[in-house]
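Novice: Quick one: the structure is below, questions incoming.
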Amino acid sequence: IACERLVKGLLDKSLEAFLESARKDDTNFMTHLMIGKLYLYGVNGDINLLNVKKAEFHLRAAARYAKAEITRLPDANRFAGEALLHAAISCYVQADDQVIAGNIADTQRLLQASLDLARQAAEIYPQLSESHYHHAKFASLLGDGKTAKTSLARAIALDEAYCLKADADSDFTFVRAQVTELFQHLRSKSGEKIRDKLKNV
């Protein structure tokens, strides 16, 4: 019922049904994942469900319960990785709110939580390129250029479009020198591959 309502764009009614489902089975990772995503992204012309703290709670729950299913369900690690990534993003949004409020200590704490959750997402499901990218973003905001460069390289290895995304992302401002160094290295490496191919023509 919740999924049918979601397809129709009835976000609030979809949330009601997902919450009812969670009351009947509070260890269903997919239910918590959907609730968390609705609290994190659920806004349209009719309704605004945004509540990042509730989103974080449900996304962390989704990750926990998905991880418990990894030995039994082949795709559980993918859903655990997705839940951890979105939980990281929910902490990042909360950190941004704390910046506006001028709460430096809470900002640092939430950014560190974002970094830790993104790292877990990348470890549990390495194929999720967005988790590597966000890990790089959060490392950058914490001033860790080395980690940012390493994680961004992993994201780019999975999808070269992250070069353009990172280049335009102001969150990389504090480590721009390391990002530029990475891009130069990748260009050099790409040039070497082309030259090697031309030699064999």
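The values are calculated or read from the model by the stated rules, or taken from the named source; none is laboratory data. It should be emphasised that the depicted structure is a prediction, and the values quoted were computed from it without experimental measurement. A quick note on method: Cβ atoms are made from the backbone with ideal geometry, for glycine too, and the neighbour counts reach across all protein chains shown. When the accessible area is computed, the model is the full protein with side chains, heavy atoms only, and any ligands, DNA or RNA have been set aside. Shrake-Rupley method; radii C 1.70, N 1.55, O 1.52, S 1.80 Å.
Novice: Less than 16 Å apart at the alpha-carbon level, and either on another chain or at least 8 residues along: which aspartates and glutamates does that give for K146?
Specialist: D116, D171, E181
Novice: Express the accessible area of segment 1-131 per residue in Å², computed with a 1.4 Å probe while the remaining protein chains stay in the model.
Specialist: Details: 7020 Å² over 131 residues.
Heavy-atom accessible area per residue stands at 54 Å².
Novice: List the aspartates and glutamates whose Cα lies under 17 Å from the Cα of K54, skipping any in the same chain that are fewer than 8 positions away.
Specialist: Once the sequence-local aspartates and glutamates are set aside, what remains near K54 is D12, E16, E20, D26, E82, D96, D97.
Novice: Identify which of the listed values of semi-axes √(5λ) of the Cα gyration tensor in Å was calculated from the structure shown: (i) 34, 21, 16; (ii) 30, 19, 18; (iii) 31, 17, 13.
Specialist: Step by step, semi-axes √(5λ) of the Cα gyration tensor in Å for this structure corresponds to label (i).
Novice: If you don't mind, another one. Along the charge dipole of the chain, which of I104, F172, L40 sits closest to the positive end, that is, farthest toward it, with unit charges on the beta carbon of Lys, Arg, Asp and Glu (+1, +1, -1, -1)?
Specialist: F172
Novice: Also, quick follow-up: Write down the radius of gyration of segment 52-151 and its Dmax, each obtained from C-alpha positions, in Å.
Specialist: Cα-based Rg and Dmax for segment 52-151 come out at 13.6, 45 Å.
Novice: Counting pairs of Cα atoms in segment 55-95, how many percent are more than 17 Å apart? Provide the component values of the computation, followed by the final result.
Specialist: Details: 221 of 820 pairs.
Of all Cα-Cα distances in segment 55-95, 27 percent exceed 17 Å.
Novice: Separate question: If I model a spin label at N48 and I104 as a point 7 Å from the Cα along the Cα→Cβ vector, what separation in nanometres do I get?
Specialist: Between N48 and I104, the simple spin-label model gives 3.1 nm.
Novice: How much net charge surrounds L111 when only other residues with a Cβ under 14 Å from its Cβ are counted (Lys, Arg +1; Asp, Glu -1)?
Specialist: My count for the surroundings of L111 gives -4.
Novice: Follow-up. Pop out the carbon and sulfur fraction of the accessible area of segment 1-123 as a percent, whole number, probe 1.4 Å. List each step's numbers first, then the result.
Specialist: Numbers: 3550 of 6650 Å².
Carbon and sulfur atoms account for 53 percent of the accessible area of segment 1-123.
Novice: Let me ask another. Relative contact order of segment 1-145, please, whole-number percent, based on alpha carbon pairs below 8 angstrom and at least 6 residues apart.
Specialist: Values: 218 pairs, mean separation 23.5, N = 145.
Over segment 1-145, the number comes to 16 percent.
Novice: What residues from segment 74-103 fall in the zone where the backbone N is under 15 Å from a label point 7 Å along the Cα-to-C-beta line of D159?
Specialist: Under 15 Å, as judged by backbone N against the label point of D159, lie 82-83, 85-86 of segment 74-103.
Novice: In square nanometres, what is the average projected area of the Cα convex hull of segment 1-80?
Specialist: Numbers: hull surface 20.3 nm².
The directionally averaged projection comes out at 5.1 nm².
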